[in-house]
Protein chains: 2
Amino acid sequence: MREGFIDVYRGEYVESKHRVHIAVVDFEGNELCQVGDIEQFVFGRSSMKPIQALSLIESGAADTYQFSEADISLACASHNGEAQHTERVHEILDRLHLTTDDLRCGTHAPRWDEAYRKIILEHREITQEYNNCSGKHSGMLATTLQMKADTNDYYKIEHPVQQHVLQIVSDMTETPTEEIRLGVDGCGLPVHAVPLKNLALAFAKLAQPKLLPEARQEAIHRVTNSMMHEPAMVGGTDRFCTDFMRVMDGAMFGKAGAEGVYCVGVKERGIGIALKVEDGNGRATSTGTLEVLKQLELISDEQLQQLDQYVHTEILNGRKEVVGKLVPRFQLECANIK
Amino acid sequence: MREGFIDVYRGEYVESKHRVHIAVVDFEGNELCQVGDIEQFVFGRSSMKPIQALSLIESGAADTYQFSEADISLACASHNGEAQHTERVHEILDRLHLTTDDLRCGTHAPRWDEAYRKIILEHREITQEYNNCSGKHSGMLATTLQMKADTNDYYKIEHPVQQHVLQIVSDMTETPTEEIRLGVDGCGLPVHAVPLKNLALAFAKLAQPKLLPEARQEAIHRVTNSMMHEPAMVGGTDRFCTDFMRVMDGAMFGKAGAEGVYCVGVKERGIGIALKVEDGNGRATSTGTLEVLKQLELISDEQLQQLDQYVHTEILNGRKEVVGKLVPRFQLECANIK
């Protein structure tokens, strides 16, 4: 097993280092490249939202409740809580005749500081639409209504929506439901752990679904096109997911997950990439992901240039001077590369 | 080399893991216990503030500018930016006939959210006294005046204050100045990297300085007593450093450093402990430190009970439910334990 690291430099010395595990798999299930342990079970966290959003489409809820591409993209999001996100959550909930009180994601301060400042200046409490997962929760509420199920406990694993999601995760990751490990996410929903290579496989199938049933193919195209056409919904201003999909311009889609997960689907090659930072630190994910794409020759120098702020993720001090940076230190071990 | 980890559980499964390196050394330089690589150079970051504060005392600045124990404790702090901290920074600077504009630490949002909210509601800019290092910078400004040096560039490595600090760090860590590795800290000051075991040694000497020159002994007692008598200044509300020193009640002192560093000095035994989380994540430091003290039988069950929130550092979701926790998984490898 070849080990991989992303080193954190302070000046000319390594101050900290992140171990990374990386799987590159194609849509037929061929394991193309790896770093570290790709058999280990990994909670995909929010990186699995595009997989879970298939439930929104396949249940018919997206049609019944007129989900636009921006709405579907928001259902796959870990958003900043900017006005563009929270206003859209309100619009979706209005169509469901529900309110933000019906969300069960709980609250945290919005990632977008401007939104937080506005809440404070208006003497408001932080409400649930600012939770980065509120788009996914809104989508699940739509699916709940579509299934005529109870909107009060849509977050519980035994709820029909979560059972539907579990089955789809099982299908897409080719992991039997009884082998999938379950936990509770930061937003209260079930999270699924599968082997890292199976997470990569699911993204490969999202990228190239042609071996799947037709309805699944259609749902997949709708989800991944939504993300790529409306990347601002997936994250927001100054977010890697958003800027990455803008620059890659329809060639690939990517989604971050908490605790250092990042997944990419490469459309043309039908390849899925799944990366886990062993210690869970998300600061290393963009550096690692872009290095993988560079080694696979799937990203151009010009594209890397446009994503410059994410390549080395420079560390600034309080005076805004660069005092450190992240540097990848791994070489993909590849077989079967066609 | 025995490896050590702190596992991050989500529900019943390990989601992420932090590798830790730990050195336990006594004041005579005996290496008592270890986990991982204790020869590696580690930037002590803010954990070195109590060592660096010796410059404030030994230069005579603390006497000239009437530094109280609370002021000295604040000079060793990575504080929350609560009113108790920022008001004291203003008082110190007033005595120096300087203002917060003379600080060179730069700005970041105060860790204490209430302070941040107040700044926003009062339509103020974030100013430098809110920087967690503003106490140390105020102390260095006092030392600068005492040395009749230039207050504009006290942050530069060639400045007399930084040269004095470098010499003290070299003495205390028993690392020649030319071997100390230098970087720039988040607050713009030079930071020093020394082998992890030498950082532990410095804390052992802070805990039991009887082999050192008398003036150094006096300075050390003044710094460590200040921290233990005024622990609220070192961190603040809900901070491990503060609560740890309160509970240990004069038996030991501790200080966190950025990028996953924690150091403790155990007074009675004259022992120093230095811990580095390899990946730099500070969330694992209290769990690791308390586990070390437990294995060394230096902390009682009752004390651990009082520090319960720091033992497993539970992970909450947006609905404030416990969804995970940190669990130490290492055994100190000990020799020479008397």
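Please treat every number below as a calculation from the coordinates, not as lab data. Keep in mind that what you see is a predicted model, and the values were worked out from it rather than measured. Counting neighbours? That spans all protein chains shown, and the Cβs are built from the backbone with ideal geometry, glycine included.
Of the GluC sites (Glu not before Pro) found in the range A:31-100, those that fall in a DSSP loop while having at most 14 other beta-carbon atoms within 10 Å are A:E39. Computed extension gain for B:E125 through B:D63, at 0.36 nm per residue and net of the alpha carbon distance, reaches 19.0 nm. Only Lys, Arg, Asp and Glu carry charge here, each on its Cβ (+1 for the first two, -1 for the last two); on that basis the range B:73-191 has a dipole of about 140 debye about its Cα centre.
The charge dipole of the range B:5-334, taken about its Cα centre with unit charges on the Cβ of Lys, Arg, Asp and Glu (plus for the first two, minus for the last two), comes to roughly 340 debye.
Projecting the Cα positions of A:W112, B:L32, A:V42 onto the charge dipole of the protein assembly as shown (unit charges on Cβ atoms of Lys, Arg, Asp and Glu, taken about the Cα centre) puts B:L32 furthest along the positive direction.
With θ taken as phi - 60° and the Karplus curve 6.51 cos²θ - 1.76 cosθ + 1.60 applied, the whole-hertz 3J(HN,Hα) list for the range B:206-216 is 5, 6, 9, x, 5, 8, 9, x, 4, 4, 5 Hz, x standing for glycine and proline.
Taking θ as phi - 60° and the Karplus parameters 6.51, -1.76 and 1.60, the scalar couplings of the range B:289-303 work out to 5, 5, 5, 4, 5, 5, 5, 7, 6, 10, 9, 8, 4, 5, 5 Hz in sequence order, x denoting glycine and proline.
Mean projected area of the convex hull spanned by the Cα atoms of the range A:143-236, taken over all viewing directions: 7.1 nm². The residues packed around A:H159, meaning those with a beta-carbon under 10 Å from its beta-carbon, carry a net charge of -2 if Lys and Arg are +1 and Asp and Glu are -1. Would you mind getting me the FRET efficiency between A:E91 and A:A335? Use the beta-carbon distance for r and R0 = 35 Å, nearest 0.05. My answer for the efficiency is 0.15. Restricted to Cα atoms, chain B shows a radius of gyration and a Dmax of 19.2, 60 angstrom. Calculated mean residue ellipticity, 222 nm, chain B: -11000 deg cm²/dmol, from DSSP H runs (n ≥ 4) at -39500 (n - 2.57) each, averaged per residue and rounded to 500. A P(r) calculated from all alpha carbon pairs of the range B:108-169, with 10 Å bins opening at zero, reads 21, 38, 23, 17, 1 percent. Position B:A83: other-copy label points at 3.3 nm, ordered by increasing distance, label point 7 Å along Cα→C-beta. Beyond 21 Å in Cα-Cα separation lie the following of the pairs B:K49/B:K156; A:K118/B:K320; A:K320/B:K136; B:K205/B:K267: A:K118/B:K320.
Just to check, using Stokes-Einstein with a Kirkwood Rh over alpha carbon pairs, what's the diffusion coefficient of the range A:73-228 at 20 °C and 1.002 mPa s in µm²/s? So the translational diffusion coefficient is about 128 µm²/s. A simple charge model with +1 on the Cβ of Lys and Arg, -1 on the Cβ of Asp and Glu and nothing else charged puts the dipole of the protein assembly as shown at about 220 debye relative to its Cα centre. What the Cα convex hull of the protein assembly as shown gives, in volume per residue, is 148 Å³. Within the straight-line cut-off of under 18 Å between alpha carbons, the lysines reachable from A:K17 are A:K276, A:K325, B:K17, B:K276, sequence neighbours fewer than 8 places apart in one chain being disregarded. Modelled spin-label separation between B:E39 and B:E174, with each label point placed 7 Å from Cα along the Cα-to-Cβ direction: 1.7 nm. Other residues whose C-beta falls under 15 angstrom from the C-beta of A:F41 contribute a net charge of -4, scoring Lys and Arg +1 and Asp and Glu -1.
When only alpha carbons are used to place a centre, the range B:227-263 and the range A:18-58 end up 41 Å from one another.
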